[in-house]
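Notes for the one structure printed next.
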Amino acid sequence: MRHKIMPLLVVVFLASGYGQALWPTFQYNNQRTGLSPFLGPLQPETSWTYTTGGDIWSSPAIGQHGTIYFGSEDGYLYALHADGSLKWRFTTSSGILSAPALDNRGRIYIGSKDSCVYCIEDSVTYPRLNWTFHANGMISAPILVGNDGTVYARTSLLYAIDPAGNQKWTYHTHLGSQGGPALSLDGNTVYIETCDPPPFEYAVAALNTNGSRKWLRNIGSAPFDFSLTSPTVGSDRTIYFPTFTAKTFFAINPDGTVKWSCNLPGEVMRCSAALGPGDTIYIGSTDHNLYAINPSGIIKWTYPTQAGISASPIIGSCGTIYFASGDKLYALNPDGTMKWEYAVEHTITSSPALANDKLLFGAGNKLYALKNVVAISDRIAYKPALSLKVSPNPFSAGTRICFTINTPGPVNLSIYDVFGRLIRVLTAENKESGQFQAYWNGTDNNGKHLGSGVYLCKLKTNSKETAKPITLL
C-alpha cells in the first residue's frame, strides 16, 4: 500500500532512464556495471568530510548540479551541496542502509529499515515528500528506477511501484537480501537473485516488466551460497553473478543458459561485480583479494589487500579500478598495479561514487570526498594541458565541442558509449598547440543515428587525457 501526499505527474523518461544526474544510482547505471564517465583523482587528498549520527552503508547518488544524496543509520536521508555543506535532511522512522536512486526529474527514491520507500523532491532548500510506499519488511538493497519510471525495491519480495506510488506487482524471492535488481540494456528484463521453490535452490531470475518470470537459472544451494549481491549486465547482454561458499562466478546468457563459470579462490559476500572497458570483470572477495576476470572466464590477475572486500568496486573512464578494503580506498591500474591507496579512520562501509573527478564514500559515520592533489606551484599559475567544453549539452540535433591543447603532437577526440566502446572518431591527427573545434551530430562512424542516452567525449594526447559526458536526447 502507499500513502499519497500530493498528485504526481507521470513523466516520459529518456531511453537511458535519467537526465543529467552525475551518478544517478548504485554502480552508476541500471546494469550495475560501475563504469563511470569520469576519470577520478590521479593523486587523492581529502576535499571535505561530513559527519552524521550513524554509520553510512548507503552508497551516494549525485544529482545534475552536484548535490549528493545518501542515507545513514541515524535514519536521515542527507542532501549535501557539492562543497560538503548541508542542504537539507529528511527523516525516516529507522536507519537507512539502501542506496538512493534518482530519476530524470531529479526526484530521489530511498528505502529504509522502517519498511518504507520514499519518493522525495528536492525543493532547493528543503525536501518535499511526494509519496510513501509501505512494504512487507526492511529495505536494505539499492533502489532501482526503470526506463518507464517504475521503481523497484526489494525485501523478501521484489516490488514494482509505478511513478505515482502505486504497487504494480510483486515477485517472491524467498530471500531478504542487500542485493538489488538490475535491468537489461533495453530495460525490458529485470534480473534478481532469488531462492525459488522447489527445491529452494539459489538462483538468478529473469522477469518481464509485468512481473512474469522469463527464466530461472539455478547456481547454488540454499542457504549456503547466498552472496547477497546485485547482478551485473555486460555490453553483450551477459549477466554476471557470484555464489558464496561454492566460490563460483557465473556468466549467464540472456536466454538463461550458462555461458561459462569460473572458480574463485575466495568467497564473495555483498560485493557486486564491476565491468571495465572491454567487459573485464572485477570482483572483491572475503579472502582479501580483488580479482580481474577476462570476458572468457579466465582470471587475469589478483590484487591482495589487508582485509575482506564487501563494498562493490567502480571504474573510472580510463579504466582505473576504485575499491575499498578495511579502512583503505585503493586505485589500481587496469593491469593490476597500484596507482594509490588512501587510509581513513574507520572501515569503509559503502561502495564509492565518482563525479567531476571527486570520489565519495562512507566510512563509519563520515562521508568522505576525495579530490585530485594540485601542487602549490600549479595553484599559483595553473594552465591545464587539456581543456574540453561541450555546448549545448544535452543536445538533440548537434553539439559543438571546443578543446584546447598546450603541447603540439597527436590528438584524438572520440565518442564512447557507457561501456567504453568506441562510437565515433571526430579528430585523429597531429595538431599544434591552440584552440580547436569539432561538431558531433549524434551519429556513429557509419553515419547511423544513435539512441538517447549518455555518451563520453574523450580527448587524448600522448601524455594527457580528459573526458566529459554528453547527453543525447
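Quick notes on this one:
- Overall, the accessible surface of the chain at a probe of 1.4 angstrom is composed of carbon and sulfur to the extent of 50 percent.
- Å² of accessible area per residue within region 22-151, as computed with a 1.4 Å probe and no ligands counted: 29 Å²
- Rolling a 1.4 Å probe across the protein heavy atoms gives region 353-473 an accessible surface of 50 Å² per residue.
- Around the amide H of residue 157, modelled in the peptide plane, lie the amide H atoms of 173, all under 5 Å away and 5 or more residues distant in sequence or on another chain.
- Converting phi to 3J(HN,Hα) with the Karplus coefficients 6.51, -1.76 and 1.60 and the offset θ = phi - 60°, region 304-321 yields x, 10, 9, 8, x, 10, 10, 8, 6, x, 10, 10, x, 5, 8, x, 5, 9 Hz in sequence order, with x at every glycine or proline.
- J(HN,Hα) series, region 326-336, from Karplus relation 6.51 cos²θ - 1.76 cosθ + 1.60, nearest Hz, glycine and proline x: x, 9, 10, 9, 10, 10, 10, 6, x, 8, x
- Take every pair of alpha-carbon atoms less than 8 Å apart whose residues are at least six positions apart; their mean separation over the length of the chain yields a relative contact order of 14 percent.
- When each of 389/448; 431/458; 300/339; 168/468; 358/389; 87/371 is checked by Cα-Cα distance, pairs over 26 Å: 168/468
- From the coordinates shown, P(r) over Cα pairs in 10 Å bins from 0, in percent corresponds to which of [x] 4, 14, 18, 17, 17, 14, 10, 5, 1, 0, 0; [y] 4, 19, 28, 27, 17, 5, 0; [z] 4, 21, 32, 28, 13, 3, 0: [z]
- Highest average first, the peptides 81-88, 103-110 ordered by how many other beta carbon atoms sit within 10 Å of their residues are 103-110, 81-88.
- Relative protection proxy for 465-472, 290-297, from highest mean packing down: 465-472, 290-297 (other beta-carbon atoms within 10 angstrom).
- Fraction of alpha-carbon pairs over 24 Å apart in region 167-323 - percent: 28 percent
The values are calculated or read from the model by the stated rules, or taken from the named source; none is laboratory data. The structure displayed is predicted, hence computed values, not measured ones. Backbone-built Cβ (ideal geometry, glycine too); neighbour counts: all protein chains shown. What goes into the accessible areas is simple: the full protein's heavy atoms, side chains included, and nothing from ligands, DNA or RNA. Shrake-Rupley method; radii C 1.70, N 1.55, O 1.52, S 1.80 Å.
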